[in-house]
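Q: Structure in structure tokens, see below.
The values are calculated or read from the model by the stated rules, or taken from the named source; none is laboratory data. Since the model is a prediction, treat every value here as computed from it, not as a measurement. Using ideal geometry, Cβ is built from the backbone for each residue, glycine included, and neighbour counts are taken over all protein chains shown. Remember, those area values only see protein heavy atoms, side chains included, never the ligands or the DNA or RNA. Shrake-Rupley method; radii C 1.70, N 1.55, O 1.52, S 1.80 Å.
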Protein chains: 2
Amino acid sequence: MLPSEDKYLTNVSYDTVIFGFTGEELKILILEYQNSGLFALPGGYIRRDENLLDAAKKGVMKRTGLKKIHLEQFHTFGKLNRSNPEPSKQIAKGLGYEMPENHWVLDRFITIGYYSLINYNLVKPTPNKFSDSINWYSINNLPPLMMDHEEIVNKALEAIKNDLGTKLFGTNLLPEKFTMKELRKVYETILNKKLRRTTFQRKILGMDILKRHEKLYTGAANKAPYLYSFDKEKPKKS
Amino acid sequence: MLPSEDKYLTNVSYDTVIFGFTGEELKILILEYQNSGLFALPGGYIRRDENLLDAAKKGVMKRTGLKKIHLEQFHTFGKLNRSNPEPSKQIAKGLGYEMPENHWVLDRFITIGYYSLINYNLVKPTPNKFSDSINWYSINNLPPLMMDHEEIVNKALEAIKNDLGTKLFGTNLLPEKFTMKELRKVYETILNKKLRRTTFQRKILGMDILKRHEKLYTGAANKAPYLYSFDKEKPKKS
DNA sequence: GCCTTATTGTATCAATCTGCTACAATAAAC
DNA sequence: GTTTATTGTAGCAGATTGATACAATAAGGC
């Protein structure tokens with residue numbers, strides 16, 4: 001029942017920071033292990049017969065139920081003191097296993113961090129066999145995370161800030177069609193600052209990456225906004 | 001004589017792309033292994049009792065003879081097909097060792113890539129005990145590198161392009177004091193495009209990160225340029 | 001219908017930044 | 001002193017961004 005050493009690479013793991021956007025704030029998926037009170041990022045080991053990236057993708061697909069996801073590697077964490085056998089022992093104990101003292105999962109690990117931006121509303125958070133829950137937590141209100149997982153989250157936040165506007169346009173966090181205001185909210189939340197409405201609209205439209213669709217009538221007593229979708233062509237300038 | 005499994009983490013290594021600037025082009029340090037004709041990036045394994053970053057730093061210090069170096073992690077390479085036991089076997093053979101078929105260094109490896117920008121003229125390239133030479137090679141004229149080391153170099157080049165102007169100002173590649181023309185040459189070489197002399201000067205000076213010193217009289221029959229040094233304060237805007 | 005209210009899409013103008021040209025100020029050779 | 005190559009900076013036009021203004025709605029209240 002414990003993962004076998006023959007199947008997996010030793011001393012290496014991956015961890016994923018899976019971002020979703022509620023319309024108001026950024027949230028990430030956090031696992032809680034059974035009977036241990038330990039909170040952790042979704043992560044795992046790399047099988048000897050699969051690519052690193054595929055291992056991480058498979059993990060995210062399992063936890064979210066999504067079939068098409070985009071992962072971006074942002075940093076690898078290899079400090080000596082980041083590894084700690086206690087959480088794994090506790091987790092095993094909580095599950096009723098006896099963990100041999102020299103088991104490979106208790107050894108030191110170097111972990112590769114990936115982030116993923118996904119549509120909050122399409123996700124079916126699915127716990128794994130070692131955890132009894134997986135839930136969305138606001139990045140401003142995380143539970144105490146085990147080991148260095150909080151540092152990993154912070155690095156991921158830095159990374160999405162830097163990637164926004166180049167690798168990343170924030171549309172992954174929104175439904176297929178969205179309003180300009182929603183897109184701006186995404187940018188404001190990730191960059192953690194207010195953006196000028198008119199300048200933002202002019203700049204994004206000037207980038208020529210959006211397709212305009214019908215109007216959205218929300219029932220509100222004011223002018224209805226247009227819906228846009230990401231146009232999978234010509235990302236011209238940033 | 002072969003590295004022992006007790007001392008090192010298995011399945012993980014680091015590789016470093018060490019950049020120097022000759023005044024005309026970017027070069028990197030490449031090792032050549034004895035009697036095997038194999039060229040490789042300087043790299044190594046991580047001791048169980050040291051941080052990942054320290055392992056990589058130690059490696060760069062040994063290969064360059066420098067005491068103060070700055071490393072930047074840029075990517076981790078984990079494709080299934082990147083590992084190949086043949087080079088290690090050949091290297092061992094070239095050294096006269098017998099390498100057991102199941103030795104841990106023949107196993108699959110995930111490698112963490114770091115780059116370093118250093119002053120070309122201060123370096124004493126120093127081979128390790130497995131290699132008979134370490135030399136500077138122009139990035140436009142590299143020897144055929146083993147495994148995926150060429151891909152690692154390309155990723156490093158992308159990374160320094162992106163980091164230039166934010167994390168990195170290119171002054172690491174130059175001596176303590178340098179002229180504006182030299183700094184511009186560094187930027188042009190890294191970005192691989194010509195920059196407008198006047199605009200570059202205005203922009204860099206406007207960033208307020210340089211201190212101006214005395215003039216440099218080279219003996220050339222024209223106006224002498226000022227020398228500048230990097231001012232370790234207030235990196236204002238990019 | 002007509003007026004009100006909140007919001008959206010765009011225009012406008014000033015302030016700033018960038019590309020480009022021009023030119024005075026050299027340092028050394030002749 | 002004259003010549004030549006290079007440097008530092010100014011000046012101007014064009015592009016980009018910040019800030020304000022305003023017309024065009026959607027629906028609710030009367």
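Q: With (1) surrounded by 16 or more Cβ atoms within 10 Å (Cβ to Cβ); (2) of a type in the set (D, E, K, R); (3) within 19 Å of A:HIS149 (Cβ to Cβ); (4) out of contact with any Phe, Trp or Tyr (no Cβ under 9 Å at 6 or more places or on another chain) as the list, and A:ASP15 as the residue in question, which single condition is left unmet?
A: For A:ASP15, the failing item is (4).
Q: Something else about it: Are any residues in region B:189-206 part of a helix (DSSP H, G or I) and more than 18 Å from the chain's Cα centre (by Cα), and if so, which ones?
A: B:ARG197, B:THR198, B:THR199, B:PHE200, B:GLN201, B:ARG202, B:LYS203, B:ILE204, B:LEU205, B:GLY206 - these are the residues of region B:189-206 that are part of a helix (DSSP H, G or I) and more than 18 Å from the chain's Cα centre (by Cα).
Q: What is the one condition in (1) modelled with pLDDT under 95; (2) of a type in the set (A, V, I, L, M, F, W, C); (3) within 16 Å of DNA strand D (Cβ to nearest atom) that A:LEU168 does not satisfy?
A: (3)
Q: Residues being within 13 Å of chain A (Cβ to nearest Cβ) and either touching a Pro at 6+ places or on another chain (Cβ under 8 Å) or surrounded by 22 or more Cβ atoms within 10 Å (Cβ to Cβ) (or both): count how many of those fall in region B:18-51.
A: So the count comes out to 2.
Q: In region B:102-126, which residues are open to solvent by less than 50 Å² (accessible area, probe 1.4 Å), within 14 Å of another protein chain (Cβ to nearest Cβ) and in a loop (DSSP other than H, G, I, E, B)?
A: Passing the criteria: B:ARG108, B:PHE109.
Q: Let me ask something additional. State which residue pairs qualify: first residue assigned by TED's automatic domain parsing to the domain that holds B:MET180 and inside region B:210-223, second residue within 10 Å of DNA strand C (Cβ to nearest atom) and at pLDDT 90 or above in any location, beta carbons under 6 Å apart, and separation of 6 or more residues or different chains.
A: B:ARG212/B:TYR226; B:LYS215/B:ALA224; B:LYS215/B:TYR226; B:LEU216/B:ALA224; B:LEU216/B:PRO225; B:TYR217/B:ALA224
Q: Of the residues that sit in region B:203-221 and are of a type in the set (Lys, Arg) and closer than 13 Å to B:LYS177 by Cβ, which one is farthest from DNA strand D (Cβ to nearest atom)?
A: The residue in question is B:LYS211.
Q: If I ask for residues that are assigned to a helix (DSSP H, G or I) and either within 14 Å of another protein chain (Cβ to nearest Cβ) or at pLDDT 95 or above (or both), which ones from region B:65-101 would you list?
A: Passing the criteria: B:LEU80, B:ASN81, B:ARG82, B:PRO85.
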